[in-house]
Amino acid sequence: MDDILVYSLTLQAHVEHLKIVFDILRQHKLYTKLSKFTFAQHTLEYLGHIISEKGVATDPAKTTAMLKWPTPSTATELRGFLGLTGYYRKFVKNYGIIAKPLTSLLQNKHFTWFDVAQVAFDQLKRAMASTPVLALPNFNEPFEIETDACDTGVGAVLSQKGHLIAFYSKALGVANQKLSIYEKEFIAILMVVEKWRCYLQRGPFLIKTDHKSLCHLQDQSLSTELQKKAMAKLAGLQFKF
């Protein structure tokens, strides 16, 4: 067992919740170290995040390390930078698309730094310097996903009542870059339904897309494999466009 986090709306409820947790630990003969406990905190660092009543934020110590990271001269150094920034990818819009020139470098046999890689490296640093505070999900309220597609990738935003919960994005391979915007939007929907199913399966949610024909997906005849795959992923979920 590693870290345990107990969240409560009031101090009284917090005490009751802690009693329940301690009873469970006692029943299963699981031991904890008192010196590592903190109780009744309004703000705390947890698994590399700063959690407060405002939401979830990145840890300044970690983002500072990213901003000070020197231009990589080896694949190992680049892999370290991407590992560090990738942990916070949900805070950055289009992270996967921005980072594509860098991840492509790791696939090459010989490491050669070039201008496009430097642009991506600097852009990721700027993004990490201004990450938003993400809202904590409220499972009593409906979720919204907004998808988008460009020439090189697809992305999406998960939110509730205008409050950001997470970003997600993915760069497209050469073959998928040739697809129409309609097909790319399909890919975006497939991607986020898979990624965020744990949120979306709990109740009705809204899908926002710029592609008007996708708004009538449920009324269309499923003539392509992509359409069939999308509807299979959405089966059993309560959604509307």
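Values as computed for the structure displayed
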read-out	value
Neighbour cut-off at most 16 other Cβ (10 Å), DSSP loop, trypsin sites (Lys or Arg not before Pro), segment 151-196	LYS161, LYS178
Eligible lysines near LYS240 by straight Cα distance, threshold 23 Å, same-chain separation 8 or greater	LYS161, LYS184, LYS195, LYS208, LYS212, LYS228, LYS229
Hypothetical label at ALA129: residues of segment 57-73 whose amide nitrogen lies under 19 Å (7 Å Cα-Cβ projection)	58-72
Under Karplus coefficients 6.51, -1.76 and 1.60, residue-wise ³J(HN,Hα) of segment 24-29 in Hz, glycine/proline x	5, 4, 5, 4, 9, 6
Residue order, fewest to most beta carbons within 10 Å, for ILE145, ILE4, ILE50	ILE4, ILE50, ILE145
For the chain: relative contact order, % (alpha-carbon pairs under 8 angstrom, 6 or more apart)	15 percent
Segment 125-183: chymotrypsin sites (Phe, Trp or Tyr not before Pro) falling in loop per DSSP and having at most 14 other Cβ within 10 Å	PHE139
Structure-derived mean projected area of the Cα convex hull in nm²: which label, when the choices are (1) 15.7; (2) 14.5; (3) 17.0	(3)
In order through segment 145-159: 3J(HN,Hα) via Karplus (6.51 cos²θ - 1.76 cosθ + 1.60), integer Hz, x for Gly, Pro	10, 10, 9, 8, 9, 9, 4, 10, x, 10, x, 7, 10, 9, 8
Alpha-carbon Debye profile of segment 1-120, log10 I(q)/I(0) at 0.17, 0.18 Å⁻¹	-0.91, -0.97
Relative contact order of segment 1-132, pairs being alpha-carbon contacts under 8 Å that are 6 or more residues apart, as %	18 percent
Loop sites in segment 78-110: trypsin sites (Lys or Arg not before Pro), DSSP, at most 12 other Cβ within 10 Å	LYS109
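Any read-out appearing in this document is the output of simple, stated calculations on the displayed coordinates, not a laboratory observation. Remember, it's a predicted structure, so these values are computed and weren't measured experimentally. Cβ atoms come from the backbone with ideal geometry, glycine included; neighbour counts cover every protein chain shown.
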